[in-house]
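Right, one structure below, let's go through it.
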Amino acid sequence: SQLIKTILKGKGKVSHLIDDAPTEGDTKFKSWDEEDSLIMAWLWNSMVPEISDTCMFLNFAKAIWIVEEETYSEAKDAAQIYEVKVKTMKDKHGTKTVMEYANQLKSLWMELDHYRVIKAKCYDDSAILREYIEQDRVYDFLVGLNQEYDQVMIQILGKEKVLGLIEVVAIKVVNLESLRNLMETP
């Protein structure tokens, strides 16, 4: 749904999903109706047939959008959260550079943040929660590093305060990787 919404926004047509249709007597109705038919076709084509069949007889793109969001949004988000969490748990440094590995994890975490929006009641709680999440992500990153980075890991974990992911990657790990590459160069 995010992809469709972004495409429609880029084409200046997202209003078809969120605004009401003009009345049939309105001079704008004919061109709006033609655009809406095209958007309906895009929506149907973006779905598997079993899902598109359930909304084939709805009259407007907005109606399709609402029905699909109400039907699949929460369950789909839960499934996608699970899928992203599995990917983050399986992702390992392996043969990637440290930056590639870190960027891959960051991309997965951004996707996770998209599906799991945390709405704290007050700013202080929100800041504390963000700090815990950042720490967990640092731990996840460190767990996936190759064994050759164990010494760096010990240094990072030995700090009084856990560093943020950006600091861990930029200051500690990438410097070690650069040093190793320099030493390996004949």
What's the exposure ranking of D20, D125, going from fewest to most Cβ atoms within 10 Å? D20, D125
For the stretch 20-112, what is the relative contact order in percent, using Cα pairs closer than 8 Å and at least 6 residues apart in sequence? 19 percent
Output ³J(HN,Hα) for the stretch 43-53: one whole-Hz value per residue in order, computed from phi by the Karplus curve 6.51 cos²θ - 1.76 cosθ + 1.60 with θ = phi - 60°, and x for Gly and Pro. 4, 4, 5, 7, 10, 6, x, 4, 8, 5, 4
Between A79 and D140, what is the spin-label point distance in nm, taking each point 7 Å from the Cα along the Cα→C-beta axis? 2.1 nm
Scaled by the rule-of-thumb 2.2 N^0.38 Å, the alpha carbon Rg for the stretch 63-139 gives a ratio of 1.36
Enter the per residue convex hull volume of the stretch 91-184, computed from alpha-carbon coordinates, in Å³ rounded to the nearest integer. 92 Å³
If you filter the stretch 2-78 for GluC sites (Glu not before Pro), then keep DSSP loop positions with at most 12 other Cβ within 10 Å, what is left? E24
Contact order normalised by residue count of the chain, Cα under 8 Å, 6+ apart, percent: 16 percent
In the structure displayed, which of K96/K159; K87/K159; K92/K161; K13/K90 lie more than 30 Å apart, Cα to Cα? K13/K90
Quick check on the chain: what does the Kirkwood estimate of hydrodynamic radius come out to from the alpha carbon pairs, in Å? 20.4 Å
Quick one: P(r) of the stretch 2-72 from all Cα-Cα pairs, 5 Å bins, percents rounded to integers, in order of increasing distance. 3, 16, 29, 26, 15, 7, 2, 0
In Hz, Karplus ³J(HN,Hα) per residue of the stretch 16-30 (6.51, -1.76, 1.60; θ = phi - 60°; x = Gly, Pro): 5, 8, 10, 9, 7, 6, x, 5, 4, x, 5, 5, 7, 4, 4
On C-alpha positions alone, give me the angle between the axis of helix 174-184 and the longest principal axis of the chain, in degrees, nearest 10. 60 degrees
Contact order relative to length of the stretch 2-72, as percent, for alpha carbon pairs under 8 angstrom and 6 or more apart: 32 percent
With charges only on Cβ, +1 for K and R and -1 for D and E, what is the dipole size of the chain about its Cα centre, in debye, rounded to 20? 600 debye
Extension gain, T54 back to I118 (0.36 nm per residue minus Cα-Cα distance, nm): 19.8 nm
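Bear in mind that the values in this text are calculations on the coordinates, not laboratory data. It should be emphasised that the depicted structure is a prediction, and the values quoted were computed from it without experimental measurement. Cβ atoms come from the backbone with ideal geometry, glycine included; neighbour counts cover every protein chain shown.
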